[in-house]
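Before I ask anything, here is the structure I am working with.
The values are calculated or read from the model by the stated rules, or taken from the named source; none is laboratory data. Note that the structure is predicted; figures quoted are calculated from it, not measured. Cβ: placed from backbone, ideal geometry, glycine included. Neighbour counts: every protein chain shown.
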Amino acid sequence: MKKILCLVLLVLAPVMARAASSLEERPHWSLEIKGGTFIPDIPDWALYYGKRSTSHLQGSLAYKVTRQIEAGIESGRITDDGRGYAPGHGTLAGDITYQLYPLNAFVLLRGVFSERQWLVPYAGGGWTRLFYKEEVKYQSTSRGFVDGYHARGGFQLLLDAVDTNASNRLSMDYGVHHTYFFIEAEYIKTMSGTAAAVPVNMGGTSWLGGLLFEF
């Protein structure tokens, strides 16, 4: 009986070792840094700000509940300069600097089934609080926030094989398991705050690209 048990353990030992190694190597956190274009849902934006879109910078940190499911927080900055209209108030004004600071709490699903999978689709969404700030030159500054929700999805491309030396250094020095380049679309929908004279959705659609680090 002891001989049979020893034989079974010898056969299973490599399998158990590989399973333990796989568990140790599985990343548990995601860090995203991204930027792109924000297209507001506010009517006549281009008339007062000169173009239909503006810049959007954002970053997120998430914990991987499983390899495919993660929950996290995300924050960003959207800004533009215009003249003659304060979107949150619907009133005429002078030169305006308009800033949005989205804060998102989200759940994300990533379609990853192998650590060497080179193309990974993902989608998710959650709650949003959108802080805004409107500065009218030589006049007043208005601040506030509105709540809403967001949804996003995209594709991520594994970069580990592009430069294996850099990938190995990131792994050894910083514990980064994988690096991805990704592109995504994000939509934010909000309800007008009590300070708004004209009901508007202060959200919109963003097209973003960036880097994802898993560690």
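Take Leu103 and tell me if it is among the aliphatic types (A, V, I, L, M), within 30 Å of Arg26 (Cα to Cα) and touching a residue at least 40 places away in the same chain (Cβ under 8 Å).
no
Go through the residues of the stretch 108-131 one by one and say whether even a single one is closer than 30 Å to Gly82 by Cβ and β-branched (Val, Ile, Thr).
Checking the stretch 108-131: at least one residue is closer than 30 Å to Gly82 by Cβ and β-branched (Val, Ile, Thr).
Let me confirm something: among Asp80, Asp41, which residue is within 19 Å of Asn201 (Cβ to Cβ), of a type in the set (Asp, Glu) and touching a residue at least 60 places away in the same chain (Cβ under 8 Å)?
One residue alone meets the criteria, Asp41.
Return the total of residues in the stretch 93-111 being farther than 17 Å from Tyr187 by Cβ, among the β-branched types (Val, Ile, Thr) and surrounded by fewer than 20 Cβ atoms within 10 Å (Cβ to Cβ).
1
For (1) closer than 30 Å to Thr79 by Cβ; (2) at pLDDT 80 or above; (3) in a strand (DSSP E or B), each residue gets a yes or a no:
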| position | (1), (2), (3) |
| --- | --- |
| Asn165 | no, no, no |
| Val176 | no, yes, no |
| Phe182 | yes, yes, yes |
| Ser192 | yes, no, no |
| Val200 | yes, no, no |
| Ser206 | yes, yes, yes |
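Quick check on Phe131: is it within 24 Å of Thr37 (Cα to Cα), more than 15 Å from the chain's Cα centre (by Cα), surrounded by 14 or more Cβ atoms within 10 Å (Cβ to Cβ) and modelled with pLDDT of 90 or more? Even if it seems obvious, please write down each step before you answer.
Numbers: within 24 Å of Thr37 (Cα to Cα): yes; more than 15 Å from the chain's Cα centre (by Cα): yes; surrounded by 14 or more Cβ atoms within 10 Å (Cβ to Cβ): yes; modelled with pLDDT of 90 or more: yes.
Judged against the criteria, Phe131 is a match.
Given the criteria hydrophobic (A, V, I, L, M, F, W, C), farther than 21 Å from Leu31 by Cβ and either touching a Phe, Trp or Tyr at 6+ places or on another chain (Cβ under 7 Å) or touching a residue at least 40 places away in the same chain (Cβ under 8 Å) (or both), does Leu158 qualify?
Considered against the rule, which asks whether it is hydrophobic (A, V, I, L, M, F, W, C), farther than 21 Å from Leu31 by Cβ and either touching a Phe, Trp or Tyr at 6+ places or on another chain (Cβ under 7 Å) or touching a residue at least 40 places away in the same chain (Cβ under 8 Å) (or both), Leu158 comes out as no.
I'd like to check something: does the stretch 55-73 contain any residue that is surrounded by fewer than 16 Cβ atoms within 10 Å (Cβ to Cβ) and modelled with pLDDT under 90?
No, the stretch 55-73 contains no residue that is surrounded by fewer than 16 Cβ atoms within 10 Å (Cβ to Cβ) and modelled with pLDDT under 90.
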